[in-house]
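S.K.: The structure follows.
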Amino acid sequence: MNSLPLPRKLPAPPGTPPIKTQKRSATILPNFVGLKFQVHNGKIYQDVVITEEMVGRKLGEFVA
């Protein structure tokens, strides 16, 4: 089973690499706010920085 690792509730320290995932269907949780993800769009990985307005939506909604 492939699963998305759950980020910590603490803010990520500076220089932390983004979380790389192909799980576009993953729901954005409140503890993801402020973290940087690289989401695969079928061709390349695109950077997505999570904001409070994104909570409850899917990661795939923010990559083209």
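The values are calculated or read from the model by the stated rules, or taken from the named source; none is laboratory data. Since the structure is predicted, the reported quantities are computational estimates derived from the model, not experimental observations. Cβ coordinates were reconstructed from backbone atoms using ideal geometry, including for glycine residues, and neighbour counts include every protein chain displayed.
S.K.: What number of residues within segment 34-44 satisfy the criterion of being within 12 Å of LEU59 (Cα to Cα) and of a type outside the set (S, T, N, Q)?
M.R.: Taking segment 34-44 first, the residues within 12 Å of LEU59 (Cα to Cα) are 36-41.
Keeping just the survivors that are of a type outside the set (S, T, N, Q) gives 36-37, 39-40.
Residues flagged as within 12 Å of LEU59 (Cα to Cα) and of a type outside the set (S, T, N, Q) within segment 34-44 amount to 4.
S.K.: Where in the chain are there strands (runs of 3 or more DSSP E), lying fully within it, with 3 or more residues that are modelled with pLDDT of 95 or more, buried (at least 16 other Cβ atoms within 10 Å of the Cβ) and at negative phi? Write out each step before concluding.
M.R.: Values: elements: 19-21, 36-40, 45-49.
The qualifying strands (runs of 3 or more DSSP E) are 36-40.
S.K.: Taking interchain pairs and intrachain pairs at least six residues apart, which have beta carbon atoms under 7 angstrom, with the first residue in segment 1-25 and under 12 Å from GLN38 (Cα atoms) and the second modelled with pLDDT of 70 or more and surrounded by fewer than 12 Cβ atoms within 10 Å (Cβ to Cβ)?
M.R.: PRO18/ASP47
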